[in-house]
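Below is one structure, written out as structure tokens, with a few remarks after it.
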Amino acid sequence: LFRQTKEQWQAVKTYFAARFLNIKMEIVLFGLIGVLGAAMETVPFEALLSGFLEMVMSLGYGGTFILSLALVYVISVAALVGVHPLVSLTILLVAVNPAAVGLSPLFVGYLLLGGYGIALINSPFSGTLLLVSGQLDHSPWEVGLKWNKFYLLLYPSLLVGLMLLLGF
């Protein structure tokens, strides 16, 4: 029994070492995003953005719609120029205080997740899109922007409109 346990323990260690080496870039990415988020907390975003956010939110539902679309599109547009969606998401989470602009944290969370999903589908730098474009033998730019352009243009408005109708 002891010998079998020792062999199993060695197999677990070997498996973990091999798997850990395969995901080291992901671990570094998530670690750096955490460091970025902590560093961004020291930047006074609320003071910098307060006048703009107050102006937009003074428009009522129109302002809520515009701000909501802006949150979704910031992640998507940043991803189109090569910024990883998690970096944009982290910055927006730190920069926008939902309570300060009169929005529900759940509403802002759904918006940011929607923006992240759009960025993964449309960004030519996204691993998901690179995999799909490689399998289909087409350029990532063609698959992301040409094939998915209606998704990029229509989904944010549908997402925000539906969330506003449901009362988030």
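The values are calculated or read from the model by the stated rules, or taken from the named source; none is laboratory data. Bear in mind the structure is a predicted one, so any value in this text is a computation, not a measurement. For neighbour counting, all protein chains shown are included, and Cβ atoms are generated from backbone atoms with ideal geometry for every residue, glycine included.
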Is it the case that the stretch 139-157 has a residue that's crowded, with 16+ Cβ neighbours inside 10 Å, among the hydroxyl-bearing types (S, T, Y), over 14 Å from the mean Cα position of the chain (by Cα) and at pLDDT 85 or above? yes
Here are V35, V72: which of them is modelled with pLDDT of 70 or more, surrounded by 15 or more Cβ atoms within 10 Å (Cβ to Cβ), within 17 Å of the chain's Cα centre (by Cα) and of a type in the set (A, V, I, L, M)? V72
Filtering the stretch 106-138 down to residues that are among the β-branched types (V, I, T) and crowded, with 19+ Cβ neighbours inside 10 Å yields V108, I118, I121
